[in-house]
Every structure is written in C-alpha cells, then in structure tokens.
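These notes concern the structure reproduced below.
The values are calculated or read from the model by the stated rules, or taken from the named source; none is laboratory data. Remember, predicted model here, so these are calculated numbers, not experimental data. As a convention, Cβ positions derive from the backbone with ideal geometry for all residues, glycine included, and neighbour counts pool all protein chains shown. All accessible areas refer to the heavy atoms of the entire protein, side chains included, with ligands and DNA or RNA removed. Shrake-Rupley method; radii C 1.70, N 1.55, O 1.52, S 1.80 Å.
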Amino acid sequence: MKLTPEQIRQFEEEGYLFLPNVFTIEEMDVLNGAVPGIFAEQRQEVIREKGSTSPRSAFYVQTWNPVYEKLARHPRLLEPGAQLLGSDKLYMHQFKINAKAAFDGAVWQWHQDYATWHQDDDMPNPRAMNIALFLAEANEFNGPLMFIPRSHRKGRLEAGHDVTTTSYPLWTINNETITRLVAEGGIVAPKGPPGSMLLFHGNMVHASSSNLTPWSRWIVYLSLNRCDNAIRRFKRPTWIANHEFTPIETLPDDCLIRDARGRRSAAE
Ligand code: SIN
Ligand code: MN
C-alpha cells in the first residue's frame, strides 16, 4: 500500500497520519482471535498494570505468536513506513500490543518515543517511527492516543525518567512544556474502528488517559527504524529494544487470511 504525495505531506506537516479501515473485518478477526491467548501468557514480555493482573503491554509478540509474526511483515504496514522513513531497509526496533484494558487501563504520560530510543538505546537520529493498527475501536471514552500536532518539529525535548506512575518506565515531558506546546498546536485524538492505522513520527508528543469504560482499547504498534540508524547501546533487553537489525522482508498482502482461505477451500 503506497501513500499519496498529499498523505506524505500531511505526515511531514502534522507529524501523524490517520487511515481508517485499512484492514478488513476478516483480517481483524484473525488478529483479534489471538489476543486473549497472548494476554493470558505468564511471561516476562507481558507487562501487567500496576497493582492488577490486567494486561498493559505484550512485547516482542512477533517472535512468539504466528499471527503477529505475519503482521510484523505486512506490506500494508511496512510500505508506508519505507516511504516515510525514506528507506527500504527497515528493522523492528520494538513491537507491542497495548491493551488499555476495560475499567483498568492506566495512563501513558506525555512523551516522545525518540527520547527513550535515544536516551536508553542510543539511537543516533529520529529516523524511526510508529505504525499503529487499532485492533479494537478507539473512541473518545476508552483512552485514545492523544497527539499535539506539529510537536515533532520541536526536536527532542527535555524529559524526566518516570519510574513511578505506571508499571512501565518512560522518559516524560513536564506540565509546563506540555502547556506551551498545546497552546500552539492543540490536541487531537484520532478515533476509529478496528482495522484503522495511525502513523506517527518518533518525535511526536503523545499520551493517553485511563480507560474507565467496558471497552478495551487494543492497539498493536510497530516501531520501525532504518537499518542505517541502528541503536548502539544494549541496556534494555532485546524484547523491548531489539538488538537484531535484519531488514524486514514483506509477505504477500493476503498473508493473514491466505492459510485460513486455503484450508476452507480444501475442505469444500
Ligand atoms: C505508547 O506511547 O507507547 C503507548 C500509548 C498508548 O498505547 O496509549
Ligand atoms: Mn509512545
């Protein structure tokens, strides 16, 4: 799937791009069917909310679940990444499913991902980005991602290491800076059905609030980096910040449903 010049311009201007309904209901059934089993796993890659057994994030899922192994090589996610990062040689810096569980999903404080990628992992440049796919609907109530449009143009902002407010450490931005950025750019929260894609720059300032609704807000994130921008510090384990820089080879566009369809037609 190729982005149009207008979509590329919009990404560069605003720092993000929202594409509703990119994956079909059939494909989303395959992806969502695997999620309860993934969150039920007791393993270090599945992080729980603070003081609760609700899942917060499942990391590195592309290495331990066959459905997500395919998604991590899907051309509808990888091709726009290659266009926006200006290289066909991309590797997966991080891969995770964030749960934002019904009634229990806690906040993500305001931050830029590149702050963490730079400070913890020594990634040389912000030539890395996130491609998110909504597994469940994100609506105004269930803690959608919030962006400050155009904040990616400010470069890497000063951040403090937050190791207390949630179960996951993050380099976060203070309230004074956020107040100043919001006065300039406002806040947007792209909302949409399962199968929608949200692409955003490594320096985009973002956050999400808690989820008090009965609707879990599952999102899968591919953090793609250029192979020539690989990290140089290996403080975080490979399942959080990948130490392997092999370029991703894409699969056919129907990879998620091809086996299921093959089996169905064989049975007919
Ligand atoms: C993140 O910023 O890494 C996650 C935010 C979210 O899923 O709400
Ligand atoms: Mn983030």
(message) Could you check the spin-label model distance between Phe234 and Val107? Points 7 Å from the Cα along Cα→Cβ, value in nm.
(response) 3.7 nm
(message) Quick check: with the 1.4 Å probe, what order do Ile25, Ile173 take by accessible area, largest first?
(response) Ile25, Ile173
(message) Could you check the spin-label model distance between Thr63 and Asn139? Points 7 Å from the Cα along Cα→Cβ, value in nm.
(response) 3.7 nm
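Are there GluC sites (Glu not before Pro) in the stretch 108-163 that DSSP marks as loop and that have at most 13 other Cβ atoms within 10 Å, and which are they?
Working: sites: Glu137, Glu140, Glu158; in loops: Glu137, Glu140, Glu158.
Counting only loop positions with at most 13 other Cβ atoms within 10 Å, the GluC sites (Glu not before Pro) in the stretch 108-163 are Glu140, Glu158.
Applying 1/(1 + (r/R0)^6) with R0 = 35 Å to the Cβ-Cβ distance of Arg153 and Lys50, what FRET efficiency is obtained, to the nearest 0.05?
Working: r = 33 Å, r/R0 = 0.95.
Efficiency, rounded to the nearest 0.05: 0.55.
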(message) For a quick check, take a GNM of the chain with Cα springs below 10 Å and name the residue from Glu12, Glu176, Glu249 with the largest mean-square fluctuation.
(response) Glu176
(message) Cross-link candidates for Lys154: which lysines have Cα within less than 29 Å, leaving aside residues fewer than 8 places away along the same chain?
(response) Lys2, Lys89, Lys96, Lys100, Lys191, Lys235
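With each run of n ≥ 4 DSSP H residues scored as -39500 (n - 2.57), what mean residue ellipticity at 222 nm is computed for the chain after dividing by its residue count and rounding to the nearest 500 deg cm²/dmol? Intermediate values should be presented prior to the final figure.
Values: 8 runs with 73 residues, N = 268.
Computed mean residue ellipticity for the chain: -7500 deg cm²/dmol.
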(request) Could you check how much of the accessible area of the chain is carbon and sulfur, as a whole percent, using a 1.4 Å probe? (result) 52 percent
(message) Under a crude label model (7 Å from the Cα following the beta-carbon direction), how far is Asn125 from Ile257 in nanometres?
(response) 3.9 nm
(request) Taking only protein heavy atoms into account and a 1.4 Å probe, give the accessible area per residue of the chain in Å². (result) 44 Å²
(request) Keeping every protein chain in place, order Lys89, Lys96 by accessible area at 1.4 Å, biggest value first, i.e. largest first. (result) Lys89, Lys96
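Indicate the gyration tensor shape class of the stretch 1-41 (rounded, prolate or oblate), computed on the Cα atoms with a ≥ b ≥ c the square roots of the eigenvalues: a/c under 1.5 is rounded; otherwise a/b larger than b/c is prolate and the rest oblate. Walk me through the numbers on the way to the answer.
Working: a/c = 4.72, a/b = 2.30, b/c = 2.05.
Because a/c hits 1.5 or more and a/b exceeds b/c, the stretch 1-41 counts as prolate.
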